[in-house]
Amino acid sequence: EHLHDPLATLRLCFKFLHPGGVLWIATPNLQALGHMRFGRNWRGLEPPRHLILFNTPSLKTTLKNAGFTSCSGPLPTVGAKWMFRASDTIARGCNALKSPVHSFWDKWRLKREARQADSQVKSCPELAEELVMLAAKPSMPTGQSDT
């Protein structure tokens with residue numbers, strides 16, 4: 001998300017991985033429940049540092065275009081609590097990098113919403129705040145066999 005050309009960088013990662021190697025990738029998820037909830041105030045947008053954001057299909061397509069043949073994921077992750085609190089801070093017009101100032105009830109409400117989001121993510125990981133995927137480089141070049 002910090003790169004002008006993530007495909008070129010993923011192609012370099014593919015080039016330097018040994019055959020059978022695996023790339024672990026994590027990036028903010030445009031399909032996240034928090035993005036749906038907070039819209040333009042969602043912490044994952046983080047302009048101007050985040051240049052290109054992905055959802056599950058777009059990240060899988062980009063990994064495939066970089067040469068990776070198998071892609072597992074997204075893997076379920078939990079992390080909505082921090083993201084919801086930071087997003088709510090942005091919505092209030094405050095700096096999300098500083099300690100957010102929330103009342104007891106605001107903290108309780110956000111914690112409850114985040115728990116519900118994390119619970120949904122267990123059965124639907126493509127809604128997590130962060131996309132985490134594993135992409136594998138084939139063990140053998142295409143067209144070759146080990147016999």
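For this structure, a couple of remarks:
- Restricted to segment 38-65, and to residues there that are touching a residue at least 60 places away in the same chain (Cβ under 8 Å) and in contact with an Asp or Glu (Cβ under 7 Å, 6 or more places away or on another chain), the residue that is nearest to Glu129 (Cα to Cα) is Gly44.
- Cβ separations smaller than 8 Å between residues 6+ apart or across chains give the following pairs from segment 1-16 residues that are modelled with pLDDT of 95 or more to residues that are outside any helix (DSSP H, G or I) and not hydrophobic (A, V, I, L, M, F, W, C): Arg11/Gly67; Phe14/Gly67; Phe14/Lys137.
- Filtered residues of segment 1-16 (kept if open to solvent by 40 Å² or more (accessible area, probe 1.4 Å) and not acidic (Asp, Glu)): His2, Leu3, His4, Leu7, Ala8, Thr9, Arg11, Leu12, Cys13, Phe14, Lys15, Phe16
- When Ser103, Ser99, Ser119 are checked against the criterion of being open to solvent by less than 60 Å² (accessible area, probe 1.4 Å) and out of contact with any Asp or Glu (no Cβ under 7 Å at 6 or more places or on another chain), Ser103 stands alone in meeting it.
- Of the residues making up segment 27-43, not a single one is over 28 Å from Asn95 (Cα atoms) and open to solvent by 40 Å² or more (accessible area, probe 1.4 Å).
- Test: residue in segment 85-97 that is out of contact with any Cys (no Cβ under 6 Å at 6 or more places or on another chain) and closer than 30 Å to Lys137 by Cβ: no
- Residue match in segment 55-62 (condition: touching a helix residue (DSSP H, G or I) at 6+ places or on another chain (Cβ under 6 Å) and either not β-branched (Val, Ile, Thr) or not in a loop (DSSP other than H, G, I, E, B) (or both)): yes
- Qualifying residue in segment 75-87 (condition: over 13 Å from Glu129 (Cβ atoms), part of a helix (DSSP H, G or I) and either within 12 Å of the chain's Cα centre (by Cα) or at pLDDT 90 or above (or both)): no
The values are calculated or read from the model by the stated rules, or taken from the named source; none is laboratory data. Note that this is a predicted model, so its numbers are computed, not measured. Note that we place each Cβ from the backbone using ideal geometry, even for glycine, and neighbour counts take in every protein chain shown. These area figures cover heavy atoms from the full protein model, side chains too; ligands, DNA and RNA do not enter into them. Shrake-Rupley method; radii C 1.70, N 1.55, O 1.52, S 1.80 Å.
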